[in-house]
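The values are calculated or read from the model by the stated rules, or taken from the named source; none is laboratory data. On a predicted model such as this, the values are computed, not experimentally measured, just so you know. Ideal geometry is used to build each Cβ from the backbone, glycine not excepted, and the neighbour counts take in all protein chains shown. Protein only, heavy atoms only, side chains kept; ligands, DNA and RNA dropped before computing areas. Shrake-Rupley method; radii C 1.70, N 1.55, O 1.52, S 1.80 Å.
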Amino acid sequence: MTKSNEVLRTPDRGRGVIARYREYLPVSESTPIISLGEGGTPLIFSSRLSAIVGRGCEVYLKYEGLNPTCSFKDRGMTLAVSKAVECGTVAVICASTGNTSASAAAYAARAGIRCAVVLPAGKIASGKLLQAFAYGAKVVAIDGNFDDALLVVRALGRRDDFAIVNSINPDRISGQKTAAFEIVDDLGDAPDFHLLPLGNAGNITAYWAGYREYRDAGNCTSLPAMLGFQAAGAAPMFHGRVVENPETIASAIRIGNPASWEAAQRAVQDSRGAVDIVTDNEILEAQRWLATHEGIFVEPASAAPIAGLFNCCEPVRGPVYPFTQIREGSRIVCTVTGHGLKDPEVMVDRATKLTAVAPNEQEVLRAIGF
Ligand code: AN7
């Protein structure tokens, strides 16, 4: 290890992203700020991932599971709900694979407005569904997938009753770009590579916008290559065509027709990045690796960029991205987007294999088995 496992985090955690970055966001004196103290998440240096990549490269993890509802969605939701309230909206609506609905429900509760969420039946991780109920949202399950849910929500959004808070709402993208600002503020410049999961493709669009805006403002000198990772069974951008029946264990990114497809494609092209795929097995292995080697438990979708990083370093598989050509000493940031506790089902098999032993030293020592 060349460097201690440092945790970078700017001191004003808890202020919320609008208070911290308001000069870059579409707010005015008359905008009510609906915040739960989102953002300011740690950027964690991983000596082990850095060693795996080698050649003096540094790998950092942007730990977005530490936001108020435990995913990156809160950064965009604070702005989308604040602007909705400013416009006099009394109800917000979204389609979701889970995290957007949890976040919308929380911020709507905070604002004192109503929230309806439209979800693919049976496909939402239990922690996320529980959040939507806990925050008092009206939950509607549809007999269809996320893409079908978003079509319904787009139609309902044309009525006056609802403001849509999916990432087709530009305020969501604006709020989410603050993650790129934080990374630059913590590192002192932009990283060389930025890896993240790709679902509805809003986040990669937001990060790219954030990096460019920060560079234009003179806060960084370079821009990263943006690398997005889709699950092999839900990879419309990788294949260049809509996937009718997307399937993956990473339910957050089980999306066959991303709303921000074109903007994300531009981000990838303009940054000289790439879109790659990772299999469900690779995702689960990366999830387990990150929890057991770094103490960072993320949901399956969030492990996709870690799985992608492993593949990029593994010449035998022939990665889409030629990581073997990266410059020595490159800085690589992976966003891990959501907390592992949101999706306990994927861990339950191992956790329930527990059998009780007698409450004495010998028995417990034997059970530990070291
Ligand atoms: C943990 O909640 O689309 O590419 O409806 O929850 O910006 O969509 C969630 C997406 C990555 C993909 N990681 O981000 C939703 C939803 C996690 C996520 C993504 C999602 P985008």
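Out of all the residues in segment 234-248, which are aliphatic (A, V, I, L, M) and open to solvent by 20 Å² or more (accessible area, probe 1.4 Å)? Don't jump to the end; show me each part of the working.
Here is the first cut: in segment 234-248, the residues aliphatic (A, V, I, L, M) are 234-235, 237, 242-243.
Of everything in segment 234-248, those that are aliphatic (A, V, I, L, M) and open to solvent by 20 Å² or more (accessible area, probe 1.4 Å) turn out to be Val242, Val243.
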Open item on the list: Of all residues being surrounded by fewer than 24 Cβ atoms within 10 Å (Cβ to Cβ) and outside any helix (DSSP H, G or I) in segment 82-109, which is nearest to the ligand (Cβ to nearest atom)? Just the residue, please.
Closed with: Ala91
- [ ] Would you please list the contacts, defined by Cβ atoms under 7 Å and residues six or more apart or on different chains, that run from a residue in segment 197-217 that is within 15 Å of Ser167 (Cα to Cα) to a residue that is in a loop (DSSP other than H, G, I, E, B) and more than 15 Å from the ligand (Cβ to nearest atom)?
- [x] Trp208/Ser271
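Here is a check on your reading of the model: is Thr41 in contact with a Ser or Thr (Cβ under 8 Å, 6 or more places away or on another chain) and in a loop (DSSP other than H, G, I, E, B)? Even if it seems obvious, please write down each step before you answer.
Details: in contact with a Ser or Thr (Cβ under 8 Å, 6 or more places away or on another chain): no; in a loop (DSSP other than H, G, I, E, B): yes.
For Thr41, the condition - in contact with a Ser or Thr (Cβ under 8 Å, 6 or more places away or on another chain) and in a loop (DSSP other than H, G, I, E, B) - is not met.
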Task: Matching residues in segment 291-342 - criterion: being at pLDDT 95 or above, in contact with a strand residue (DSSP E or B) (Cβ under 8 Å, 6 or more places away or on another chain), within 16 Å of the ligand (Cβ to nearest atom) and assigned to a helix (DSSP H, G or I) - done: Ala291, Ala301, Ser302, Ala303, Ala304, Pro305, Ile306, Ala307, Gly340, Lys342
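Listed here are the residues, each with its yes/no results for (1) of a type in the set (D, E, K, R); (2) in a helix (DSSP H, G or I); (3) open to solvent by less than 60 Å² (accessible area, probe 1.4 Å); (4) closer than 11 Å to Val118 by Cα.
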residue: Asp148; (1), (2), (3), (4): yes, yes, no, yes
residue: Ala155; (1), (2), (3), (4): no, yes, yes, no
residue: Asp161; (1), (2), (3), (4): yes, no, no, no
residue: Ser167; (1), (2), (3), (4): no, no, yes, no
residue: Arg172; (1), (2), (3), (4): yes, yes, yes, no
residue: Gly175; (1), (2), (3), (4): no, yes, yes, no
TODO: State which residue pairs qualify: first residue without any contact (Cβ under 8 Å) to a residue 40 or more places away in the chain and inside segment 223-235, second residue within 10 Å of the ligand (Cβ to nearest atom) in any location, beta carbons under 7 Å apart, and separation of 6 or more residues or different chains.
DONE: Ala234/Ile253; Ala234/Arg254; Ala234/Ile255
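Scan segment 262-279 for residues that are assigned to a helix (DSSP H, G or I) and either modelled with pLDDT under 95 or open to solvent by less than 50 Å² (accessible area, probe 1.4 Å) (or both) and jot them down.
Pass one, segment 262-279, residues assigned to a helix (DSSP H, G or I): 262-270.
Of everything in segment 262-279, those that are assigned to a helix (DSSP H, G or I) and either modelled with pLDDT under 95 or open to solvent by less than 50 Å² (accessible area, probe 1.4 Å) (or both) turn out to be Ala263, Ala264, Ala267, Val268.
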Open item on the list: Exactly one of these conditions fails for Leu129: (1) crowded, with 24+ Cβ neighbours inside 10 Å; (2) within 14 Å of the ligand (Cβ to nearest atom); (3) not basic (Lys, Arg). Give me its number.
Closed with: (1)
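Gly157: more than 11 Å from the ligand (Cβ to nearest atom), in contact (Cβ under 8 Å) with a residue 24 or more places away in the chain and farther than 22 Å from Pro300 by Cβ, yes or no? Show your work before the answer.
Values: more than 11 Å from the ligand (Cβ to nearest atom): yes; in contact (Cβ under 8 Å) with a residue 24 or more places away in the chain: yes; farther than 22 Å from Pro300 by Cβ: yes.
For Gly157, the condition - more than 11 Å from the ligand (Cβ to nearest atom), in contact (Cβ under 8 Å) with a residue 24 or more places away in the chain and farther than 22 Å from Pro300 by Cβ - is met.
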TODO: Scan segment 343-370 residue by residue and report those that are at pLDDT below 85 and in a loop (DSSP other than H, G, I, E, B).
DONE: Thr352, Lys353, Leu354
Open item on the list: Taking the criterion of being more than 16 Å from the ligand (Cβ to nearest atom) and among the charged types (D, E, K, R), would at least one residue in segment 248-266 satisfy it?
Closed with: no
Open item on the list: I'd like to verify a number: residues in segment 50-81 that are open to solvent by 10 Å² or more (accessible area, probe 1.4 Å) and within 16 Å of the ligand (Cβ to nearest atom), how many?
Closed with: 6
TODO: Answer yes or no as to whether Ala180 is modelled with pLDDT of 95 or more, of a type in the set (A, V, I, L, M) and crowded, with 24+ Cβ neighbours inside 10 Å.
DONE: yes
- [ ] Restrict the check to segment 220-235 and report whether at least one residue is within 13 Å of the ligand (Cβ to nearest atom) and within 18 Å of Leu150 (Cα to Cα).
- [x] yes
TODO: Output yes when any residue across segment 112-125 is assigned to a loop (DSSP other than H, G, I, E, B) and buried (at least 24 other Cβ atoms within 10 Å of the Cβ), and no when none is.
DONE: yes
